[in-house]
1. Run down Gly57, Gly90 and say which single residue is modelled with pLDDT under 85, under 23 Å from the mean Cα position of the chain (by Cα) and under 24 Å from Trp238 (Cα atoms).
2. From the list Gln115, Gln110, pick out the single residue that is among the polar types (S, T, N, Q), out of contact with any strand residue (DSSP E or B) (no Cβ under 7 Å at 6 or more places or on another chain), farther than 15 Å from Ala163 by Cβ and buried (at least 18 other Cβ atoms within 10 Å of the Cβ).
3. Given the conditions (1) in contact (Cβ under 8 Å) with a residue 24 or more places away in the chain; (2) under 26 Å from the mean Cα position of the chain (by Cα), report the number of the one that Leu118 does not fulfil.
4. So how many residues does region 177-218 have that are more than 24 Å from the chain's Cα centre (by Cα) and under 30 Å from Ile258 (Cα atoms)?
5. With respect to the numbered conditions (1) modelled with pLDDT under 80; (2) charged (D, E, K, R); (3) under 24 Å from Ser160 (Cβ atoms), which one is the sole condition not fulfilled by Asp45?
6. When you go through Leu93, Leu120 one by one, which is the residue that is in contact with a Leu (Cβ under 8 Å, 6 or more places away or on another chain), aliphatic (A, V, I, L, M) and farther than 24 Å from Tyr176 by Cα?
7. Step by step: first the residues of region 62-81, then only those that are at pLDDT 75 or above and assigned to a helix (DSSP H, G or I), then the one that is farthest from Trp238 (Cα to Cα). Which residue is that?
8. Restricting attention to region 75-95, report how many residues are of a type outside the set (D, E, K, R), touching a helix residue (DSSP H, G or I) at 6+ places or on another chain (Cβ under 6 Å) and touching a residue at least 60 places away in the same chain (Cβ under 8 Å).
Amino acid sequence: MGLDLSVSSRSAEKRLWIALIISSVIAIIEFTGGFLGQSLALVSDSGHVLTDVLAVGVGILTLRLGRKPHTARRTFGYHRAEIFAALINGSVLIAAAFLIIFEAYLRLRQPPTVQGPLVLAIASIGLLGNLSSAVLLSQSRGSNLNVKGVFLHTVGDVLSSLAVIVSSLIVIFTGYLGIDPLAAAIIGVLIMRSALVLVRDSTNILLEATPRQMQLETIAKTIRSVDGVKGVHDLHVWTITSGLYALSGHVTVGTDSIGQGSTIVEKIEAKLKESFGIEHVTLQVEKETLENIQEHESSTI
């Protein structure tokens, strides 16, 4: 598992470096074009891309920290650095979204003159760059929460660029200037949506919640299906970092099976790895007693 995570981490890092270069160039071009063209939508899009630059930088840092060896003081290494970074990234995005939406409201009251053709040209360049980053990161988004966060940003950037292109076309063909702040508000909502998903996922991991794709009762039934297991209680499943799950609990076995405790645990570990991808398993084996039986009858987990 450690080797697979390391290979996946290095592959994701290479893609993040490429995305960092692309996003940095796009952010500079869009901000310059938005400033010269008086387009809040384009400036907002450049701000969104700039948060991607920061997110990618933090992502690269946390991937490198995650590969550092475990120590006696940090027994899980620096895996949680990724989760903290994702939470901070999402929180910053939420604040940025509020600012964009507020500025859009102010500009709707008094729209400035927007240079439609210039905005259209710059937004088209941004769209091509954002599409390239999204395709690049889509191949690694499932391996790491931070990479997933950056991927969500780039998808939002693609939609943002499309919104800016549409608004610039409306300005060119109709002269309606209010469409630019409206497009900026839409971009703000898109940023908010992706940020809330990121904050939710990272918060759940920090609170050591059961992973969303796993059901605790289903896991308990899988453990109880192993020969010799009479019951399971005090069961906990949580995420250490993206793709790295841990489980702890107590299993009760019959009096005639207590001597086979290590064998039973090995069978449980194999089933948990095969069915749920859980590799870090800590189980305490207990001999079944009348008290255990009554407890299991009143509670399934």
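1. Values: Gly57 fails: under 24 Å from Trp238 (Cα atoms).
Matching residue, one of Gly57, Gly90: Gly90.
2. Details: Gln110 fails: buried (at least 18 other Cβ atoms within 10 Å of the Cβ).
Just one listed residue meets the conditions, Gln115.
3. Going through the list (1) in contact (Cβ under 8 Å) with a residue 24 or more places away in the chain; (2) under 26 Å from the mean Cα position of the chain (by Cα), Leu118 breaks only (2).
4. Within region 177-218, residues that are more than 24 Å from the chain's Cα centre (by Cα) and under 30 Å from Ile258 (Cα atoms) number 2.
5. Among (1) modelled with pLDDT under 80; (2) charged (D, E, K, R); (3) under 24 Å from Ser160 (Cβ atoms), the lone unmet condition for Asp45 is (1).
6. Numbers: Leu120 fails: farther than 24 Å from Tyr176 by Cα.
That would be Leu93, the only listed residue that is in contact with a Leu (Cβ under 8 Å, 6 or more places away or on another chain), aliphatic (A, V, I, L, M) and farther than 24 Å from Tyr176 by Cα.
7. Residue satisfying both the conditions and the ranking: Arg64.
8. Just the residues of region 75-95 that are of a type outside the set (D, E, K, R), to begin with: 75-79, 81, 83-95.
Next, from what is left, pick out any that are touching a helix residue (DSSP H, G or I) at 6+ places or on another chain (Cβ under 6 Å): 78-79, 81, 83, 85-87, 89-90, 93-94.
Next, from what is left, pick out any that are touching a residue at least 60 places away in the same chain (Cβ under 8 Å): 79, 83, 85-87, 89-90, 93-94.
So the count comes out to 9.
The values are calculated or read from the model by the stated rules, or taken from the named source; none is laboratory data. Since we're looking at a predicted model, the values are computed, not measured. FYI the Cβ positions are ideal-geometry reconstructions off the backbone, even for glycines, and counts take in every protein chain you see.
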